[in-house]
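Written below as structure tokens is the structure these notes are about.
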Amino acid sequence: MADNDWSFAPPPFNAEQSLLQLQRAMRDCGLAARGKGFELRGRAVVELDVRDGAIAARLARRLVTTPEWDAFTVKSGADQRKLIDEVKRRLARWADED
């Protein structure tokens, strides 16, 4: 049997391109852009910033005027999808609470 190695390396992570995709996803979720962050009904929900080739994200735990933040670091496409999914989960939870 031949020893075939079919694996290949994923493309390198491009933080700038990922930031644009995340910003588009946040607008698709109904959030309004404000500076480096996004808001829902005038309350901060998520903040995104490029640092050291990755994206540093802060996501509000609750939809309040002065939120407590959960920190996320996006270094790959999988991390990006996890962050988008978490934003959608929290938005759905906050909609149910209202």
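With an 8 Å Cα cut-off and a minimum separation of 6 or more residues, compute the relative contact order for the range 15-97 in percent.
Numbers: 109 pairs, mean separation 18.0, N = 83.
So the answer I get is 22 percent.
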(message) Using a Cα-Cα cut-off of under 19 Å, which aspartates and glutamates could be cross-linked to residue 75, ignoring same-chain neighbours fewer than 8 residues away?
(response) 16, 47, 49, 52, 85, 86
(message) Show me, for the range 18-27, the HN-Hα J-couplings you get by feeding each phi into the Karplus relation (A = 6.51, B = -1.76, C = 1.60, θ = phi - 60°), rounded to Hz, glycine and proline as x.
(response) 5, 4, 4, 5, 5, 4, 5, 5, 5, 5
(message) In whole Hz and in residue order, list the ³J(HN,Hα) couplings for the range 87-98 that follow from phi through the Karplus curve 6.51 cos²θ - 1.76 cosθ + 1.60, θ = phi - 60°; x for Gly and Pro.
(response) 4, 5, 4, 5, 4, 5, 5, 5, 5, 5, 6, 6
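Can you work out D for the range 15-97 in µm² s⁻¹ from Stokes-Einstein, where Rh is the Kirkwood radius over C-alpha pairs, the temperature is 20 °C and the viscosity is 1.002 mPa s? Show your work: numbers first, answer last.
Working: Rh = 12.7 Å.
In µm²/s, the coefficient rounds to 169.
Values quoted throughout were computed directly from the atomic coordinates according to the rules given, and no laboratory measurement underlies them. Bear in mind the structure is a predicted one, so any value in this text is a computation, not a measurement.
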